[in-house]
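Read the figures in this text as sums done on the coordinates, not as results from a lab. Given the structure is predicted, the values throughout are model-derived calculations rather than measurements. Cβ placement follows ideal geometry from the backbone for every residue including glycine, while neighbour counts extend to all protein chains displayed.
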Amino acid sequence: MMNRIVWHHTGGGYSPGPEDRRAYHRLIDGDGQVHDGHHAIAANAPGRALTPGTYAAHTRGLNTGAIGVAICAMAGAGWGGAVPWTHPVKPVQVDALVAETARLCDRYGIVPGPRITLSHAEVEPTLGVVQAGKWDFDYPPRGGPGARDPIAIGDELRAEVARLLSSRPVAPDPIRPVLRQGATGQHVRDLQRLLRGPGIDGAFGPLTRRAVVEFQSRNELLPDGIVGPMTWAALAPQG
Ligand SMILES: [Zn+2]
């Protein structure tokens, strides 16, 4: 359901503040620890109405389907390092950004690419969606002064994500059909067993649907009551 990841810095210190938590889905502190934001990733899912205050508004005009991941850093900084940086991005934060991006790609079936996993500063030049002078990241993210082409920087980060993803073992992919209310049979029985729900009768009725929606809500999935690849994967991560 999610189809894009946008990288940011908060423009603050090394810990996420309340405003930061509302703006992003994931926040990486100065020690490289990943924190959840205030809004669930599912709040930005396609098909959801983006009512102000109910989703993470991290990228102007590009929040639907987009996960916002922010490094907590760069307080008081100006364009291209024009102002002395009191909280520069640390390498451990970049490592965590790459690792979290790879994890989210795995989880949501996102394939990294220049239009798919990109920094805020790349959004306008690459996608043509106008941003108000956003420059996260136009500086070498692993340190050193000076402005650089955000797309070249994004390419470096995407290469790191791709390396991480390719080094991961690929889990076996059992054949599991998409299930919705009205379905019957052995796959429904498997589903009901995994849900530990009201009964295992092989018939996908309203009670099973309710159990699916509750499971999806708890697991940051789109709570649509339809059991697709994402929900199957969350139900039985080992396949
Ligand atoms: Zn940003």
For this session: Please list 221-230, 185-194 highest first by mean number of surrounding beta-carbon atoms within 10 Å per residue.
Result: 221-230, 185-194
Exercise. If amide H atoms are built 1.01 Å from N in the plane of the peptide, which residues on other chains or at least 5 residues away come under 5 Å of the amide H of residue 87?
Worked result: 74, 75
For this session: Quick one: which residues, 5 or more positions from residue 71 or on another chain, have an amide H under 5 Å from its amide H? H modelled 1.01 Å from N in the peptide plane, none for Pro or chain starts.
Result: 8, 9, 10, 28
For this session: Would you mind computing, in nm to one decimal, how far apart the modelled labels at residue 95 and residue 167 are, each placed 7 Å from Cα along Cα→Cβ?
Result: 1.1
For this session: Starting from the Cα of residue 218, step 7 Å along the direction of its Cβ; do the same at residue 148; then give the gap between the two resulting points in nm.
Result: 4.4
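What is the Cα radius of gyration of the range 4-166 over 2.2 N^0.38 Å, N being its residue count? Don't jump to the answer; show the numbers that get you there.
Working: Rg = 14.4 Å, N = 163, 2.2 N^0.38 = 15.2 Å.
Dividing the Cα radius of gyration by 2.2 N^0.38 Å gives 0.94.
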Exercise. What is the extension gain from residue 85 to residue 196, computed as 0.36 nm multiplied by their sequence separation minus the C-alpha to C-alpha distance, in nm to one decimal?
Worked result: 34.7 nm
For this session: Mind listing the long-range amide H neighbours of residue 59? Cut-off is under 5 Å, sequence gap 5 or more, other chains count too, H placed in the peptide plane at 1.01 Å from N.
Result: none
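Based on the Cα coordinates of the range 186-235, what is the per residue volume of their convex hull in Å³?
63
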